[in-house]
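Novice: The structure that follows is given in the form of structure tokens.
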Amino acid sequence: MKNRLRVLRAERNWSQADLGDRLGVSRQTINAIENGKYDPSLPLAFKMAALFKMPIEEIFDPSVEE
Amino acid sequence: MIDGKRIKQRAKRIRPLLIPLVLYLGLLIVAVMWAPKMENTIWGYVIALLPMIPGLFLTVGIVKVSRTLDEMERRILLEAAAFSFIFTLILLLSFGLLGLVGIPQPRPVIIFSIMCFLLVIGKFWGNWRYR
């Protein structure tokens with residue numbers, strides 16, 4: 001699933017490790033999500049939405065399957 | 001870049017494994033040195049089995065550490081464990097069938113080593129897949 005995580009993170013000048021710390025996951029997990037290799041669980045997606053203060057569908061694009 | 005804070009976090013994460021592991025190694029030395037001298041006595045059996053006490057705590061430690069993993073790390077570990085378990089089972093069944101034609105059976109310690117090796121391979125494969 002495609003997502004805008006990398007862009008949103010870059011806008012805030014956060015490293016993958018910074019974002020991982022804020023979400024309680026590893027840097028590797030953030031990297032895998034950004035590259036579309038791993039789709040996060042619903043609770044993690046909600047955490048991301050709360051962190052970036054935007055709806056889940058503005059972060060993730062379910063229409064494009066990789 | 002790995003900073004001091006993250007190294008401390010990682011060290012804290014594996015602490016439940018380190019203490020039982022050090023105790024296990026210490027008691028293993030005691031068992032190897034003293035148990036053969038007390039063969040066929042109650043104390044001999046007790047000393048021979050001493051390393052298994054921290055071994056039990058090691059099991060608890062592994063469960064504790066697995067609870068600190070995030071969702072993707074858990075998935076990688078689960079896939080690695082499944083790969084290791086099934087592959088070892090296939091290997092064991094193959095040896096069992098080869099036993100019909102006289103091939104000697106592997107020792108349990110060899111089987112366990114193969115299982116650990118396959119777990120590590122599975123973990124690397126998972127890390128590579130989700131990199």
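Novice: Residues in the range B:41-55 that are open to solvent by 70 Å² or more (accessible area, probe 1.4 Å) and either in contact with a Ser or Thr (Cβ under 6 Å, 6 or more places away or on another chain) or within 10 Å of B:Tyr24 (Cα to Cα) (or both): how many? Please lay out each step first, then the result.
Specialist: So in the range B:41-55, the residues open to solvent by 70 Å² or more (accessible area, probe 1.4 Å) come out as B:42-43, B:45, B:49, B:52-53.
So of that shortlist, the ones also either in contact with a Ser or Thr (Cβ under 6 Å, 6 or more places away or on another chain) or within 10 Å of B:Tyr24 (Cα to Cα) (or both) come out as B:52-53.
Final tally of qualifying residues: 2.
Novice: How do the pairs read when you match residues in the range B:30-51 that are assigned to a helix (DSSP H, G or I) with residues anywhere that are aromatic (Phe, Trp, Tyr), using Cβ under 8 Å and keeping only pairs 6 or more apart or on different chains?
Specialist: Hits for this filter: B:Ile47/B:Trp34.
Novice: Going by the conditions given, is A:Gly36 closer than 17 Å to A:Asp61 by Cβ and not aliphatic (A, V, I, L, M)? Spell out the reasoning first.
Specialist: Working: closer than 17 Å to A:Asp61 by Cβ: yes; not aliphatic (A, V, I, L, M): yes.
Yes; evaluated as a whole, the condition is true for this residue.
Novice: Output the residues belonging to the range A:7-63 that are open to solvent by less than 30 Å² (accessible area, probe 1.4 Å), small (Gly, Ala, Ser) and within 13 Å of chain B (Cβ to nearest Cβ).
Specialist: A:Ala17, A:Gly20, A:Ser26, A:Ala32, A:Gly36, A:Ala45
Let's see how each residue does on (1) in a helix (DSSP H, G or I); (2) at pLDDT 90 or above; (3) in contact with an Asp or Glu (Cβ under 7 Å, 6 or more places away or on another chain); (4) not small (Gly, Ala, Ser):
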residue	(1), (2), (3), (4)
B:Pro54	yes, yes, no, yes
B:Thr59	yes, no, no, yes
B:Lys64	yes, no, no, yes
B:Arg67	yes, no, no, yes
B:Arg75	yes, yes, no, yes
B:Ala80	yes, yes, no, no
B:Phe85	yes, yes, no, yes
B:Leu89	yes, yes, no, yes
B:Leu97	yes, yes, no, yes
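Novice: Let me ask you something else. Report, by residue number, each residue of the range B:39-57 that is β-branched (Val, Ile, Thr) and farther than 28 Å from B:Ile14 by Cβ. Write out each step before concluding.
Specialist: Here is the first cut: in the range B:39-57, the ones β-branched (Val, Ile, Thr) are B:41-42, B:46-47, B:53.
Hits for the range B:39-57 are B:Thr41, B:Ile42, B:Val46, B:Ile47.
Novice: Count, please, the residues in the range B:84-131 that happen to be surrounded by 11 or more Cβ atoms within 10 Å (Cβ to Cβ), within 14 Å of chain A (Cβ to nearest Cβ) and of a type outside the set (S, T, N, Q).
Specialist: 6
The values are calculated or read from the model by the stated rules, or taken from the named source; none is laboratory data. Note that the coordinates shown come from a computational prediction; the quantities given were computed from them, not determined experimentally. When we count neighbours, we look across all protein chains shown, and the Cβ atoms used for this are built from the backbone with ideal geometry, even at glycine. Note: areas computed on protein heavy atoms with side chains; ligands, DNA, RNA excluded. Shrake-Rupley method; radii C 1.70, N 1.55, O 1.52, S 1.80 Å.
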